[in-house]
Amino acid sequence: MSASELPQSSGPFRAGDRVQLTGPKGKLNTITLEPGKVFHTHRGVLTHDAIIGLPDGSVVTNNVGVEHLALRPLLNDFVMSMPRGAAIIYPKDAAQILALADIFPGATVVEAGVGSGALSLWLLRAIGPAGTLRSFERRDEFAEVARGNVATFLGRDPDNWSVTVGDLQDTLPETVDAESIDRVVLDMLAPWECLDAVTEALKPGGVVLCYVATVTQLSRVAEAIRASGRYTHPQSSETMVRGWHVEGLAVRPDHRMIGHTGFLITARLLAPGTILPELKRRPSKSDYSDDDVEAWTPGALGERQVSPKSLRKRIRAAGTGAELSKARNLAGDDAQGAPDSIN
């Protein structure tokens, strides 16, 4: 996917564009522009045709005089409002993943599981058109939602992105060559089960990053990394973000904050045959029994289920958004010869 193939991020609004509308009380609504359609609120209606053709950052007035600010949603906005098959990785964690895993332009990255495609979008932006992203997902329904969300935001299916359905430990060795991957990002219940396959695929010096929700998962994957003898000492962290209200002399923390969402643990692959020097510190009580291990299994931890009816609805929403976005880009190609690029 070249830069010239990406959807425009500025200029007048076009049919097929997603627009974020902010009402007078700060309420946000995201719509996809379609000629002839109407956006309804409890305080009047706003026609899509009134927005199409306006510059980004315009104020539009509905039929009863209520004003709304119209802006193209940032990637941060999009991932928080897109259809979800599985829970998404929050932008605060995605930003840390890009930094801690050192995702760079041109990198070859493996991601598992793909969930709803939120992290896929951040990774695709970071690796650029010269990079390659290989995503793996156990559930075909989630993979379908992710494909729809990515196509909706980018306006097409990226050429440098593939989604493979299946268990990572089985499909990764069949899909990639040994020592061919720069970075691996694992978002799953039991990442320690995939460690052998990841170790084989990573280049020496490559980074593995695991996103886990609970301290039991964190402890289990850290011990698995240490026990393998193939990685540097794992580093763990979590990120919490607290906003501030700043208006004149009224400066105070917001009453709400984004607290714990997950832990990030990273390590780097050692060269074959390398023995990591021991840390000169008192050993911790890290032994665990069979009962402890059983408590850390995915079955014991529990996996949040999405009802089939809800999942079908989300798949339809993601697919509709993708089709509208692709149609917008095709119309732009016909009218202009080639779509505008993102800087």
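The values are calculated or read from the model by the stated rules, or taken from the named source; none is laboratory data. Owing to the predicted nature of the structure, the values given are computational and were not obtained by experimental measurement. We place every Cβ from the backbone using ideal geometry, glycine too, and count neighbours over all the protein chains shown. With ligands, DNA and RNA removed, areas are computed over all heavy atoms of the protein, side chains included. Shrake-Rupley method; radii C 1.70, N 1.55, O 1.52, S 1.80 Å.
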By residue number, the members of the stretch 190-217 that are surrounded by 21 or more Cβ atoms within 10 Å (Cβ to Cβ) and closer than 18 Å to Ala87 by Cβ are Pro191, Leu209, Cys210, Tyr211, Val212, Gln217
Residue hits (the stretch 217-244; out of contact with any helix residue (DSSP H, G or I) (no Cβ under 7 Å at 6 or more places or on another chain) and among the aromatic types (Phe, Trp, Tyr)) are Trp244
By residue number, the members of the stretch 37-70 that are part of a strand (DSSP E or B), touching a strand residue (DSSP E or B) at 6+ places or on another chain (Cβ under 6 Å) and either of a type in the set (A, V, I, L, M, F, W, C) or surrounded by 15 or more Cβ atoms within 10 Å (Cβ to Cβ) (or both) are Val38, Phe39, Val45, Leu46, Thr47, Ser58, Val59, Val60, His68, Leu69, Ala70
Here the residues within the stretch 203-240 that are part of a loop (DSSP other than H, G, I, E, B) and under 25 Å from Leu123 (Cα atoms) are Ala213, Thr214, Thr232, His233, Pro234, Thr239, Met240
Counting only strands (runs of 3 or more DSSP E) wholly inside the stretch 89-165, the ones holding at least 2 residues that are closer than 20 Å to Gly206 by Cα, at pLDDT 95 or above and not acidic (Asp, Glu) are 108-112, 132-137
Within the stretch 241-275, the residues that are over 30 Å from Thr199 (Cα atoms), among the basic types (Lys, Arg) and outside any loop (DSSP other than H, G, I, E, B) are Arg252
For the stretch 71-87 the number of residues that are free of Cβ contacts under 8 Å to residues at least 40 places away in the same chain and assigned to a loop (DSSP other than H, G, I, E, B) is 1
(1) more than 17 Å from Leu186 (Cα to Cα); (2) open to solvent by 60 Å² or more (accessible area, probe 1.4 Å); (3) at pLDDT 90 or above; (4) out of contact with any Lys or Arg (no Cβ under 7 Å at 6 or more places or on another chain) all hold for Asp254 apart from (4)
Across (1) in contact with a helix residue (DSSP H, G or I) (Cβ under 7 Å, 6 or more places away or on another chain); (2) open to solvent by 10 Å² or more (accessible area, probe 1.4 Å), Gly117 clears everything bar (2)
Only one of (1) out of contact with any Leu (no Cβ under 6 Å at 6 or more places or on another chain); (2) surrounded by fewer than 23 Cβ atoms within 10 Å (Cβ to Cβ); (3) touching a residue at least 40 places away in the same chain (Cβ under 8 Å); (4) more than 28 Å from Pro83 (Cα to Cα) does not apply to Glu144, and that is (4)
Filter the stretch 200-221 for residues that are of a type outside the set (Lys, Arg) and more than 23 Å from the chain's Cα centre (by Cα); the one that is nearest to Ala267 (Cα to Cα) is Gly205
